[in-house]
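All remarks here apply to the structure that follows.
The values are calculated or read from the model by the stated rules, or taken from the named source; none is laboratory data. Owing to the predicted nature of the structure, the values given are computational and were not obtained by experimental measurement. When we count neighbours, we look across all protein chains shown, and the Cβ atoms used for this are built from the backbone with ideal geometry, even at glycine. When the accessible area is computed, the model is the full protein with side chains, heavy atoms only, and any ligands, DNA or RNA have been set aside. Shrake-Rupley method; radii C 1.70, N 1.55, O 1.52, S 1.80 Å.
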Amino acid sequence: MKNKSIIKVNLFDRSYPIEIGSSLLNEFNFSELILGNDCLIVTNEVIASIYLDMLINNIKTNNIETLILEDGESTKTEKTWSTIIDKLVDMKANRDTTILALGGGVIGDIAGFAAATYMRGLPFIQIPTSLLAQVDSSVGGKTGINHAKGKNLVGSFYQPIAVVSDIDVLKTLPDREYKCGLAEIIKYGAIYDSDFFVWLEGNISLLLKRDNDALIYAISRSCEIKADIVSQDELETGKRAILNFGHTFAHAIENHIGYGTIFHGEAVAIGMLMASKISLISQPDKERLINLIINSGLPHKLEEFDKNEMLEIMLMDKKIKNKKLRLVLLNKLGDAYIEDNIQNDHIMDAFEKFHQA
Ligand code: NAD
Ligand code: GLY
């Protein structure tokens, strides 16, 4: 175990480091990365009240502007994007101005999209503060906003120049949000690395206690896996889609039950179980996946739901190719594949088997 770790995302001239450790918000040398004199920190009201001063005090040498947005998914809109652009215009920002995204996935996605679009691209640094953002959304360059007709409908692939993940900030993350991050960590073990899955089985209680060493290892290994996949398929023309394991079911569950009633990571946990039901994975391995999800304090059951409505929602999902659903399924723990030829019966079968379990 190490108390610090650096993972590299290898993308030619768009390569960047992911720094993971303690005390990074107040000790990491951000000034080294900020090339010009100006930077804009984009954050939200919750995070600003706890962490903004600490970050500002650490970036002594630059002209620092801040923009504090409202908390929550409802802030990821064109209007807020426009607010960030207006702020950059007011600052007379140019291509040397660096954007720092201090927050969870919402802030990272919208600040990243503003960085991607202002003057066709400003350097930006992800400073993720939720576990989900530290293991997933800050890495890989997906940026964007929601549209009234769909989540993340507008966006672009735009890589940050660095990701700086301070695990100390996770101490203030609400429990339910924290567990949502655990769901994504379990996903990495399930799709890519059976040894990591075994490690998670043995260390889940330490992770639930937010133990520093366990967190650094789990975040680092998750980022390493995501970096490896992204470096093979940055624009999601193929392999990157395996990162969506459980997510097609999850989007339908969130849509059906209600966004905010069930959290995304909770829906992903159930979605992974549904996907496993129609996967080649052995029965003992299916049980290991359920047990790890239960031991993480994530939901593994859903109250009765309307299977036909859920199917309808899934058929509208953007991962449909040639009017057929595609799903990420598991050959075995640590080995995922993409099934292009999913029929409606398969989905119904997954729902039935999920309920019977
Ligand atoms: P979030 O950004 O809304 O954060 C969750 C909640 O936790 C918020 O209320 C936030 O203010 C609070 N919070 C965050 N860090 C905190 C801390 N250290 N202490 C106290 N409170 C804290 O949600 P999220 O789960 O981080 O991210 C979800 C978003 O990420 C969605 O919009 C989703 O579409 C996006 N996402 C993007 C990618 C990608 O690849 N770009 C991947 C997954 C998810
Ligand atoms: N969160 C899935 C991806 O980045 O591709």
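At a glance:
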| quantity | calculated |
| --- | --- |
| Residue that is most open to solvent (accessible area, probe 1.4 Å) [pool: residues in segment 14-27 that are farther than 19 Å from Thr97 by Cα and not polar (S, T, N, Q)] | Glu27 |
| Every residue from segment 34-87 that is surrounded by 18 or more Cβ atoms within 10 Å (Cβ to Cβ), outside any helix (DSSP H, G or I) and of a type in the set (Gly, Ala, Ser) | none |
| Cβ-Cβ under 8 Å pairs, at least 6 apart or on other chains, segment 318-338 side aromatic (Phe, Trp, Tyr), far side in a strand (DSSP E or B) and at pLDDT 85 or above | Tyr337/Val328; Tyr337/Leu329; Tyr337/Leu330; Tyr337/Asn331 |
| Out of Leu206, Leu182, sole residue that is part of a helix (DSSP H, G or I) and away from ligand 2 (no atom under 16 Å from the Cβ) | Leu206 |
| Close pairs from segment 110-126: first over 15 Å from Ser138 (Cα atoms), partner assigned to a helix (DSSP H, G or I) and open to solvent by 10 Å² or more (accessible area, probe 1.4 Å), Cβ under 7 Å, at least 6 apart | Tyr118/Ile85 |
| Single unsatisfied condition, Lys142 versus (1) more than 8 Å from ligand 1 (Cβ to nearest atom); (2) open to solvent by 10 Å² or more (accessible area, probe 1.4 Å) | (1) |
| Subset tally (residues that are over 21 Å from Tyr178 (Cα atoms) and within 13 Å of ligand 1 (Cβ to nearest atom)) for segment 238-287 | 2 |
| Close pairs from segment 279-298: first free of Cβ contacts under 8 Å to residues at least 40 places away in the same chain, partner assigned to a loop (DSSP other than H, G, I, E, B), Cβ under 9 Å, at least 6 apart | Lys286/Ser279; Lys286/Ala357; Ile294/His300 |
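Here's the yes/no breakdown for (1) part of a helix (DSSP H, G or I); (2) open to solvent by less than 70 Å² (accessible area, probe 1.4 Å):
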{"site": "Asp285", "(1), (2)": "yes, yes"}
{"site": "Leu298", "(1), (2)": "no, yes"}
{"site": "Glu303", "(1), (2)": "no, no"}
{"site": "Val328", "(1), (2)": "no, yes"}
{"site": "Asn331", "(1), (2)": "no, yes"}
{"site": "Ala336", "(1), (2)": "no, yes"}
{"site": "Asp340", "(1), (2)": "no, no"}
{"site": "Ile347", "(1), (2)": "yes, yes"}
